[in-house]
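Beneath this line is the structure, given in structure tokens, with notes to follow.
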Amino acid sequence: MKYALLIIFFALLSGCQSTPSEPGIQGEAALTATDPEYGYATHKPVKLGGFLRGSKYEGSHIEYFQSLTGPNGEPVQVKRLGSCCPFEDKSMPFGGGMLDKYELSYPGQKKPVIIYVNLYQFEAPKAPQGFTLL
């Protein structure tokens, strides 16, 4: 009986260690989007949340861009182009927000691309087509 309890204890202990304690870019989120408009269209931005200090996902946009690579693992240059594109969301204090535009490029790429990012709302992020996440 004592051995059975030890086995159960260690099984539970190892199961808890594999569960992430913080949200982040891992597991299922570490995929390239199947939707070709994801990130490239204002109505399908990458939702990274974490813009506001003290929010649950604070800093997730930094982690996202650090994890983003070209299709063959190339390092990605990220340049913020500014805010654009207002959107409505009645659940937010001011009824909506603004998207941010980022220019992404990597060595060997023919032409940089622009993606749209929502820093107010969070969904498990994916890489836009043509990029990968580590």
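Only the coordinates and a few stated rules stand behind these numbers; no lab work does. Because the structure is a prediction, the values reported are computed rather than measured. Ideal geometry is used to build each Cβ from the backbone, glycine not excepted, and the neighbour counts take in all protein chains shown.
Key figures
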quantity	calculated
Ellipsoid semi-axes in whole angstrom, largest first, where each is sqrt(5λ) of the Cα gyration tensor of segment 57-124	27, 14, 8
Under Karplus coefficients 6.51, -1.76 and 1.60, residue-wise ³J(HN,Hα) of segment 71-81 in Hz, glycine/proline x	x, 10, x, 5, x, 9, 8, 10, 10, 6, 9
Cβ-Cβ FRET estimate between residue 69 and residue 89, R0 fixed at 25 Å, reported to 0.05	0.25
